[in-house]
1. Once the piece of chain linking residue 385 and residue 75 is laid out straight, how much longer is it, given 0.36 nm per residue of separation minus the C-alpha distance between them?
2. How much length would be gained if the chain were fully extended between residue 112 and residue 237, taking 0.36 nm per residue of separation minus their Cα-Cα distance, in nm to one decimal?
3. Would you kindly state how much longer the chain becomes between residue 244 and residue 306 on full extension, computed as 0.36 nm times their sequence separation minus their alpha carbon distance, in nm to one decimal?
4. Order of 93, 166 from fewest to most other C-beta atoms within 10 Å?
5. Among 4-14, 42-52, 217-227, 140-150, what's the highest-first ranking by average C-beta atoms within 10 angstrom per residue?
6. Using only alpha carbon pairs under 8 Å that are at least six residues apart, calculate the relative contact order of the range 357-407 and give it in whole percent.
7. Would you mind estimating how fast the range 2-406 diffuses translationally, via Stokes-Einstein at 25 °C and 0.890 mPa s with the Kirkwood radius over Cα pairs, in µm²/s?
8. How much mean residue ellipticity at 222 nm does the chain get from its helices, if each DSSP H run of length 4 or more adds -39500 (n - 2.57) and you divide by all residues, to the nearest 500 deg cm²/dmol?
């Protein structure tokens, strides 16, 4: 039974954002039943039936004031449900969030820290391999006449216009997918030193760079600067080597594809550098306009400012964009979305729990750099129901608790 529950834990982590897979098929596009949800439900069942007495929640309940902020954050979401403009959507999103939180709290409460890190490493390793396989299949679909897709697995690659594919692995959203792969890479970089893992880290970094996600680039730069400044001489050399080889391989690969007329680097660079136009017709312009619209909605209505429109409902307020009305629409900033959907207090408590407290009470926590980087990522994107994001935060607090015990 122990081996089964560990295997489930590894699978949960490795499929943490695999929404290209819908076990119910694309006929159920209103509900994407991912492997993460399936394995989580099975895991929760096994834990409550066979391992309930082995759970230890002291890392969360006795972790300073962090639990109070966490509980208050969830309470403000519940209050927003009472004022929701679409209770059904809000309740559905809240149930998904609770599933994510419950499964990770159980994982972090079930194992001792040494076993936990071993499971996380194996999950990151398997997740990286699966991610790479998906990127290969997406590339085959783009660069050949082959149609590799099915009703259960979406293998249609994202793209920037018609000049380059964007490879997000098993995640439909390239930006989220790149952050998930960066999380896997961060785990492998910090906790393993095997030769084949080093090769995989370079491959992962290559996949992140050719995702062409500007928000992930910003996050990667912050993570690089944080770790470089806090590392000793050997650590700095290690970071430099990984960066050099990754850039060299990336430039060589893109140069080859340009030479074969398979992509257009000039058009790609022009589109990616267009970051200051404020409007609805460029990627960066849409981001900036959405943030402006969100602030107007929040501060233009006292009820929205205090209680929000309901968790997960902001897409119903967004008008004038090609995806307006889609349930996946949002303000492209987690903090603006939090402000509009759940009110000012929700936004404030969330920032304190996910960013301020980690900086204030890091205890040399190895995951602090990642949380700082993901905070800036969320300024221009959002991961509020992304499992990896909540796992990283809870893992930080688990690590903090373990570090405090050693003081």
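Taken together, the values in this text are just the output of simple stated rules run on the coordinates, not laboratory data. No experiment lies behind these values; they were computed from the predicted model shown. All Cβ positions, even for glycine, are placed from backbone atoms using ideal geometry, and neighbour counts span all protein chains on display.
1. Full-extension gain reported as 110.0 nm.
2. Value of the extension gain: 41.7 nm.
3. Residue separation times 0.36 nm, minus the Cα-Cα distance, leaves 17.5 nm.
4. Ascending number of Cβ neighbours within 10 Å: 166, 93.
5. Highest mean packing first, the order is 4-14, 217-227, 42-52, 140-150.
6. 53 percent
7. Reported coefficient: 111 µm²/s.
8. One gets -21000 deg cm²/dmol as the mean residue ellipticity at 222 nm.
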